[in-house]
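A quick write-up on the structure given underneath.
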Amino acid sequence: MYESVGFEELTAPQAAVYFALILGALFGILAERTKFCFRRGLVGDDRKQALGVWMAALAVAIIGTQAGVAAELISFDDHRFMTSDLPIAAIMLGGVMFGAGMVLTRGCASRLTILSATGNLRALTMLLVFAVTAHSVLKGALAPLRSGLNGVTVDMGDAINLANLPGGTWLFAGLLALAALAIALRSGNRPSLLLQGALIGVLVPLGWIGTGFILYDDFDPVAMESLAFTSPWTDTIFWTVAASSIPANFGLGLIGGTLAGAFLSALTARRLEWQSFSTPQETLRYIAGAVLMGAGGVLAGGCTIGAGLSGIPTLSVAALLTLVSITIGALLTNAQLSSRAAAAPVPAE
């Protein structure tokens, strides 16, 4: 497809960087305006409203992605989400770790990216720790841990894809989308806020179709990708320290665009504000959370965005298991923190 677009001065991989910049900027603007965050939807003070926005995005992402599959623009048959040997130990442990980490840091990787662009130095520090840890598990000193856990698998066969189960694609896509839409509509949010959440959902199929169809080139292939933050942050850190030896890619463009979009959104709304750590104890908690998120995101095969918002619309059982595991980890950790806070002695007046 790409050779017919007419951008003769750009290769498909180069065009993918610019495409990701646009996609990331749109996500950054919308996510900053809506405070888009799965953690808030689970344990935040406004969890009902926050989850409603997230589910509005998921419903649209499912419908749009499966419409692209039905139109034969894209196919996930060979995607990593559809590997029949499900690495169940890595996904479940990694998901729980990621969920625990995002509660400790008060934000998943995407939310920390948005906060970094608005002047939150605490979030920026956590992202650096997150990215270095993730890269270490992916390709560095901790890679043997990933390899070992990935060896514990369950052969799912064709059942790794919900579309292959009785009822087929539209039964499961419809059930998931309707469930997400019902949560969104019962959240009590303003229609304008749900609309912005839905627009975030539109970006998911745009990413899949853009990289898997429009930028498809037999002679200069581009990986089919959409919104994600674990792998893109590792790519960004690696490119930052070795730009002369590796080219920019989709992940780098996505992170750069997200930071730029969130910054512009916060700037125009006068929401830029410097923030940092308050106490050494807080610093230790956040660093521990970032390490858990970095390792967990790689083991689980993605974060709340990569495996959740972008992964579930593919109807992958692996993606569903990842988000369920993240949810369990987040709820258990929040319950533990709440019980500790309740048991803490009250200072004398």
### Task
Mind listing whichever residues of the stretch 162-182 are in contact with a Phe, Trp or Tyr (Cβ under 9 Å, 6 or more places away or on another chain) and in contact (Cβ under 8 Å) with a residue 24 or more places away in the chain?
162, 163, 180
### Query
Yes or no: residue 247 within 30 Å of residue 70 (Cα to Cα), surrounded by fewer than 21 Cβ atoms within 10 Å (Cβ to Cβ), touching a residue at least 40 places away in the same chain (Cβ under 8 Å) and not basic (Lys, Arg)?
no
### Message
Being β-branched (Val, Ile, Thr), in a helix (DSSP H, G or I) and under 15 Å from residue 115 (Cβ atoms): is that true of residue 322 here?
### Response
no
### Query
Taking residue 19, is it in contact with a helix residue (DSSP H, G or I) (Cβ under 6 Å, 6 or more places away or on another chain), open to solvent by less than 50 Å² (accessible area, probe 1.4 Å) and either on the phi < 0 side of the Ramachandran plot or at pLDDT 95 or above (or both)?
no
## Note on the structure
Restricting the stretch 22-65 to residues that are among the small types (Gly, Ala, Ser) and either under 22 Å from residue 235 (Cα atoms) or modelled with pLDDT under 95 (or both), the one farthest from the chain's Cα centre (by Cα) turns out to be 44
### Query
Among the candidates 206, 267, 193, which residue alone is of a type outside the set (Phe, Trp, Tyr), in a helix (DSSP H, G or I) and either closer than 24 Å to residue 296 by Cβ or without any contact (Cβ under 8 Å) to a residue 12 or more places away in the chain (or both)?
267
### Residue identified as open to solvent by 20 Å² or more (accessible area, probe 1.4 Å) and not basic (Lys, Arg) among 268, 304
268
### Query
List the pairs whose first member sits in the stretch 95-112 and is under 22 Å from residue 29 (Cβ atoms), whose second member is of a type in the set (Ser, Thr, Tyr), and whose Cβ atoms are under 6 Å apart, counting only residues at least 6 apart or on separate chains?
108/304
### Query
Would it be correct to say that residue 255 is out of contact with any strand residue (DSSP E or B) (no Cβ under 9 Å at 6 or more places or on another chain), open to solvent by less than 50 Å² (accessible area, probe 1.4 Å) and farther than 20 Å from residue 326 by Cβ?
yes
### Message
Under 6 Å between Cβ atoms, which residue pairs at least 6 apart in sequence (or on different chains) link something in the stretch 135-161 that is under 15 Å from residue 300 (Cβ atoms) with a partner that is open to solvent by less than 60 Å² (accessible area, probe 1.4 Å) and of a type in the set (Lys, Arg)?
### Response
137/146
## Note on the structure
Of the residues in the stretch 283-297, those that are surrounded by 13 or more Cβ atoms within 10 Å (Cβ to Cβ) and not hydroxyl-bearing (Ser, Thr, Tyr) come to 285, 287, 288, 289, 290, 291, 292, 293, 294, 295, 296, 297
### Task
Test each condition in (1) farther than 17 Å from residue 107 by Cβ; (2) in contact (Cβ under 8 Å) with a residue 40 or more places away in the chain; (3) of a type outside the set (Phe, Trp, Tyr) for residue 279 and report the one that comes out false.
(2)
### Query
Do we find a residue being free of Cβ contacts under 8 Å to residues at least 40 places away in the same chain, outside any helix (DSSP H, G or I) and over 23 Å from the mean Cα position of the chain (by Cα) anywhere in the stretch 223-231?
no
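The values are calculated or read from the model by the stated rules, or taken from the named source; none is laboratory data. Predicted model, so just to flag it, every value in this text is computed and none were measured. Cβ atoms come from the backbone with ideal geometry, glycine included; neighbour counts cover every protein chain shown. Just the protein is used for accessible areas: all its heavy atoms, side chains included, with ligands, DNA and RNA removed. Shrake-Rupley method; radii C 1.70, N 1.55, O 1.52, S 1.80 Å.
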